[in-house]
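Remarks on the structure that follows.
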Amino acid sequence: MKRFRLLSPVLVLLVFVSAGQGSASAHELKEDNGISAVLHIPPDDNPKSGQDTLFYFAFSSQQPGFDLGYCKCQVSFQASDNRLNTAPLTQDVSDPLSASASLTFDKPGAYNVIVRGQTGTSADSTFSLNYLVRVVAGTNAAQTAARQTASWQVILLGVTGLVIVGVIAGEMVRRGSHYTKDHAAER
Amino acid sequence: MKDITATIKYWFGGVRIYIALITVLITLEVWWWAATLFGGTQLEIIRTQEVYAWLSVLYLTLALLVSPVAKLFPKIPGKSIIYDSRRALGISAAWFAALHMLITYFKQFGGINPLQLPATYQRSMLLGVIALAILIAMAATSVNAIMKKWGVWWFRLHRLVYAAIILVLVHAFMIGAHATTTVVLVILSALALIWIAANIAILIKSNEVTISRVLSISLCIIVLAGTLTYGLDQHFQQVQSAAEAKGHNH
């Protein structure tokens, strides 16, 4: 009990208000007409405006013989005000079913990333995969600082809770008779 | 009533319930942290499942280090507490692995037919599911009564933890976006070296160096080295792909 009294002033419970932050929608799987692809945006699936952003697509096809080299695939990036940018989809040299595209978003916001292509020559062989991606401001120091503060608040509160549990555990285990015999043997 | 009080007193005098409580707290903390930072978007789901996956690996590693530490340092204080904690650590590892799988499959990939995933994802998920099945089987049989009833078969099942850890590493290296970074590979290599060194030291200390024990450790070293080399290879492939993609797209 003495240990509790010594430690309790040290353990101060801090209550923080944390702000949530909206962020990107990435690392998604979309499927259409037998073609599916997983989108990954390195390094952390969190694209930022003003920076070159790489989009990786890992494709899968239920149709045999699907080849990214012949699918006439292209990637479109549509902003909320309907501005449209296109970028070539480049097949990965080491993996024929992976491809990438690169774009620099000039401002933050929500974008539709649309991959279109075709698996054959007929009209019903086209596919369209639509991903909703939110681009955050690349150099917004205030937003970055707010997120970091919120993150540290949550972590600090969590660590405080774990320390409290640890101290209680230590005291209860010390008092418990579980390990008494073993403790005697160790001496 | 006396029985209930005695049972409660028994449980709260042992270390396992506190490990379980810490596991619950960490589960809630991770969910809260991700919700705070990424607020109900896909990134919240990604980060949550990633952290749960790494927590599972951490708990599994701690559980695997219990025996070598206790054998290498027989006079360590609280040795019985360390041994007692192993079961709770293993069950917690299975818990985090299950959470990782459920969140990834149902929330991130929308419960899609696995055959519609890219081939690499299919193979990696298969390895992950096998590893998870082993961990869940071990967690479900972590009861004294089952241990006594099954005898040697219980030990044979629980020896599969070594296969599970290798499957987990390969699963992570195949599709884990951040599992093949330099920092992660260095930490995993260091842990592997510590585990191998500890087992070699125990073998030498035991003065019972038999051929089968030497072969077992040698096999572990080869498998671990092969797995980590695969991770390193995946790292270089990703670096090369990123460089090629940047070159093509400019």
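So the values come out like this:
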{"quantity": "Exercise: per-residue mean of other protein chain Cβ atoms within 10 Å, A:55-61", "calculated": "4"}
{"quantity": "For residues of A:161-174, the mean tally of beta carbons on other chains within 10 Å", "calculated": "4"}
{"quantity": "Listed residue (A:Gly34, A:Met172, B:Ile196) projecting farthest to the positive dipole end of the protein assembly as shown, Cβ model", "calculated": "A:Met172"}
{"quantity": "Mean shadow area of segment B:110-250, taken as a quarter of the surface of its Cα convex hull (nm²)", "calculated": "12.2"}
{"quantity": "B:Leu167, A:Leu84, B:Leu160, B:Leu72 arranged by Cβ crowding within 10 Å, fewest neighbours leading", "calculated": "A:Leu84, B:Leu72, B:Leu160, B:Leu167"}
{"quantity": "Column: log10 I(q)/I(0), Debye, Cα scatterers of segment B:106-148, q = 0.20, 0.21, 0.30, 0.34 Å⁻¹", "calculated": "-0.70, -0.73, -1.02, -1.08"}
{"quantity": "Pairs beyond 32 Å (Cα-Cα), from B:Lys71/B:Lys148; B:Lys2/B:Lys148; B:Lys75/B:Lys148; B:Lys9/B:Lys75; B:Lys9/B:Lys205; B:Lys2/B:Lys75", "calculated": "B:Lys9/B:Lys205; B:Lys2/B:Lys75"}
{"quantity": "Computed [θ] at 222 nm, deg cm²/dmol, the protein assembly as shown (DSSP H ≥ 4; -39,500 (n - 2.57); rounded to nearest 500)", "calculated": "-20000 deg cm²/dmol"}
{"quantity": "Rough spin-label spacing in nm, given labels placed 7 Å along Cα→Cβ, for A:Asp44 and A:Ala110", "calculated": "2.4"}
{"quantity": "Folded to 0 to 90 degrees: helix B:79-102 orientation relative to chain B principal axis, Cα", "calculated": "30"}
{"quantity": "Inter-probe distance in nm under a simple model that places probes 7 Å from Cα toward Cβ, at A:Ile168 and A:Leu84", "calculated": "6.0"}
{"quantity": "Rough spin-label spacing in nm, given labels placed 7 Å along Cα→Cβ, for B:Ala201 and B:Thr141", "calculated": "3.1"}
{"quantity": "Separation between Cα centres of segment A:53-103 and segment B:47-79, rounded to whole Å", "calculated": "42"}
{"quantity": "Rounded D (µm²/s) - segment B:1-63, Kirkwood Rh over Cα pairs, Stokes-Einstein at 10 °C, 1.306 mPa s", "calculated": "115"}
{"quantity": "Distance cut-off 39 Å, percentage of C-alpha pairs in the protein assembly as shown lying past it", "calculated": "32"}
{"quantity": "Ranking of A:Asp124, A:Asp32 by count of other Cβ atoms within 10 Å, fewest first", "calculated": "A:Asp124, A:Asp32"}
{"quantity": "Those aspartates and glutamates that a straight Cα-Cα span of less than 17 Å connects to A:Lys30, excepting residues fewer than 8 apart in one chain", "calculated": "A:Asp45"}
{"quantity": "Hydrodynamic radius of segment B:1-173 per Kirkwood, over alpha carbon pairs, in Å", "calculated": "17.8"}
{"quantity": "Positive minus negative residues near A:Val136 (Lys, Arg vs Asp, Glu; Cβ under 10 Å)", "calculated": "+3"}
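Every read-out reported here was derived from the displayed coordinates using simple, explicitly stated rules and does not represent laboratory data. Since this is a predicted model, take the numbers as computed values, not measurements. Cβ coordinates were reconstructed from backbone atoms using ideal geometry, including for glycine residues, and neighbour counts include every protein chain displayed.
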